[in-house]
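> Starting off with a structure, shown below.
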Protein chains: 2
Amino acid sequence: MSSSDRDLYFMKEALKEAKKALEKDEVPVGAVLVYQDKVIARGHNEVEILQDATAHAEMICITAGTTALENWRLSETTLYCTLEPCPMCAGAILASRISRLVWGAPDLRLGANGSFFDLFALNHPMHSLEITPRVLEAESALLLKTFFEVTRKKKKSNP
Amino acid sequence: MSSSDRDLYFMKEALKEAKKALEKDEVPVGAVLVYQDKVIARGHNEVEILQDATAHAEMICITAGTTALENWRLSETTLYCTLEPCPMCAGAILASRISRLVWGAPDLRLGANGSFFDLFALNHPMHSLEITPRVLEAESALLLKTFFEVTRKKKKSNP
């Protein structure tokens, strides 16, 4: 598999996670962590179900990844997430020493890789990583659009 | 109790948490979450024990706080933490809508309230909060200094 085919393959896995969130009425964001060409951890947004604002897809996936590798340093891993990470998740990606980040759709309000601000462009004292943005952007954005349209309709019928 | 006496009281509670981390050979950082003048959640750094880079004192405390209040929105709470929050924790504080933050010692490398950069000075689209820095700064800094001196000594004797 070429490196871009690999990115498409794993982003589709992250999209499967985002769809799980959608089925639970959560904002549809998904993530997978890849090590040695295998998915070692998965996560999808569960903020409402867990009633925990830190339960973003990336955070759940990172914690599951540290359990899988029995190491808080996720060196030589790639995190695929369907949405540009927020400040919390971007901070967690740096803290856990993930070596590559691939994301799908930009988060125009809260994205911490250029949309709101760019945490990765600051001179982090301990870590830097490779980033590939906008992989399967349309698919990720469509899921989010679907979710917010349904939410809006529900609010209109139950104002 | 005056408001500054209250801050000293609750920061001492956060310092108790930091000491628990020190006893476990973790970087000594602690946090407590206060709602209606009561500590409703506690946390201390457990990155090494849990082998999870996201297991910072603030993150553990925030998740425990959402469990206590059964709500991901921690409105009308104050988070006391012994160290200036890192980017991940600062992002989590904003995401969970904490209304006030009180911190102890600055984190000159990674602090996200002015030392590394200031996440709270950016125009976050959903939330802003009141911040009181450097409460019991010397006590928090001394704990960290003690930890890093002991670590350095251990490294010297076991290079």
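Every read-out reported here was derived from the displayed coordinates using simple, explicitly stated rules and does not represent laboratory data. Computed from a predicted structure; not experimentally measured. All Cβ positions, glycine included, derive from the backbone under ideal geometry; neighbour counts span all protein chains shown.
> Within 10 Å of each candidate Cβ there may be at most 15 other Cβ atoms; applying that plus a DSSP loop requirement, which GluC sites (Glu not before Pro) in the range A:65-159 survive?
Sparse-neighbourhood loop GluC sites (Glu not before Pro): A:70, A:76.
> Excluding residue A:43 itself, calculate the net charge of residues whose Cβ lies under 10 Å from the Cβ of residue A:43, where each Lys or Arg counts +1 and each Asp or Glu counts -1.
Net of charged neighbours comes to -1.
> In nm, what does the list of distances from residue A:19 to its counterparts in the other copies look like, shortest first, when each label sits 7 Å along Cα to Cβ?
5.4
> Something else: Is the shape of the range A:8-159 rounded, prolate or oblate, going by the alpha carbon gyration tensor and its root eigenvalues a ≥ b ≥ c, with a/c under 1.5 for rounded and a/b larger than b/c for prolate?
Here the range A:8-159 falls in the prolate category.
> Treating the beta-carbon of each Lys and Arg as +1 and of each Asp and Glu as -1, no other charges, what is the dipole magnitude of the range A:73-159 about its Cα centre, to the nearest 20 debye? It would help to have the intermediate numbers written out before the result.
On the way: 11 positive and 8 negative charges, 113 e Å.
About 540 debye.
> Tell me the distances, shortest first, between residue B:152 and the same position across the other copies, using label points 7 Å along Cα→Cβ, in nm to one decimal.
Going from nearest to farthest copy, the values are 5.8 nm.
> So if I restrict to the alpha-carbon atoms in the range A:54-133, what is the Rg, and what is Dmax, the biggest pairwise distance, in Å?
Looking at the range A:54-133, its Cα Rg and Dmax stand at 11.6, 35 Å.
> Along the Cα-to-Cβ line of residue B:115, 7 Å from the Cα, sits a label point; which residues in the range B:126-143 have backbone N less than 20 Å from it?
So the set is B:130-143.
> Starting from the range A:79-159, pick out the trypsin sites (Lys or Arg not before Pro) whose DSSP state is loop and whose Cβ has at most 16 other Cβ atoms within 10 Å.
Numbers: sites: A:97, A:100, A:109, A:134, A:145, A:152, A:153, A:154, A:155, A:156; in loops: A:97, A:109, A:134.
Taking the range A:79-159 and a limit of 16 other Cβ atoms within 10 Å, the loop trypsin sites (Lys or Arg not before Pro) found are A:109, A:134.
> With only Lys, Arg, Asp and Glu charged, each at its Cβ (+1 for the first two, -1 for the last two), find how big the charge dipole of the protein assembly as shown is about the Cα centre; round to the nearest 20 debye.
Numbers: 38 positive and 42 negative charges, 13 e Å.
My answer is approximately 60 debye.
> Using the crude model of +1 on Lys and Arg Cβ and -1 on Asp and Glu Cβ, and no other charge, please compute the dipole size for chain A relative to its Cα centre, in debye to 20.
440
> Net charge within 13 Å of residue A:66 by Cβ-Cβ distance, Lys/Arg positive one each and Asp/Glu negative one each, not counting residue A:66 itself?
Local net charge: -3.
> Can you give the calculated 222 nm mean residue ellipticity of chain B, where each DSSP H run of n ≥ 4 adds -39,500 (n - 2.57) and the sum is split over every residue, rounded to the nearest 500 deg cm²/dmol?
-13500 deg cm²/dmol
> Quick check on the protein assembly as shown: take the gyration tensor over C-alpha atoms, sort the square-rooted eigenvalues as a ≥ b ≥ c, and tell me if it's rounded (a/c under 1.5), prolate or oblate.
Cα axes put the protein assembly as shown in the oblate bin.
> From the residues A:35, A:65, A:82, which one has its Cα farthest along the dipole of chain A in the positive direction, the dipole being from +1 and -1 charges on Cβ of Lys/Arg and Asp/Glu about the Cα centre?
A:82
> Spin-label point model (7 Å from Cα, Cβ direction): what's the residue B:2 to residue B:141 distance in nm?
2.3
> Right, another one. Could you pull out every whole DSSP H run in chain A that spans at least 15 Å of Cα extent along its own axis and averages 0.0 or higher on the Kyte-Doolittle scale?
Qualifying helices: A:57-69.
> Check cross-link reach from residue A:19 to the aspartates and glutamates: straight Cα distance under 16 Å, and skip same-chain residues fewer than eight apart.
A:46, A:48, A:58, A:137, A:139, A:149
> Sketch the reach of a paramagnetic label on residue B:100 as a point 7 Å from Cα along Cα-to-Cβ, and name the residues of the range B:10-31 whose backbone nitrogen lies under 12 Å away.
Residues B:10-11 fall inside that zone.
> Kindly identify the range B:6-49 as rounded, prolate or oblate by the Cα gyration tensor criterion: order the square roots of the eigenvalues as a ≥ b ≥ c, call it rounded if a/c is under 1.5, otherwise compare a/b with b/c, prolate if a/b is larger, else oblate.
prolate
> How far apart are the residue A:141 label points across copies, placing each 7 Å from Cα toward Cβ, in nm, shortest first?
4.9
> Measuring from centroid to centroid over Cα atoms, what is the spacing of the range B:50-71 and the range A:14-59 in Å?
Cα centroid to Cα centroid, the span is 18 Å.
> Here is a follow-up. When chain A is modelled as a GNM with alpha-carbon springs shorter than 10 Å, which of A:55, A:138, A:64 fluctuates the most?
Evaluated over chain A, the most mobile residue of the options is A:138.
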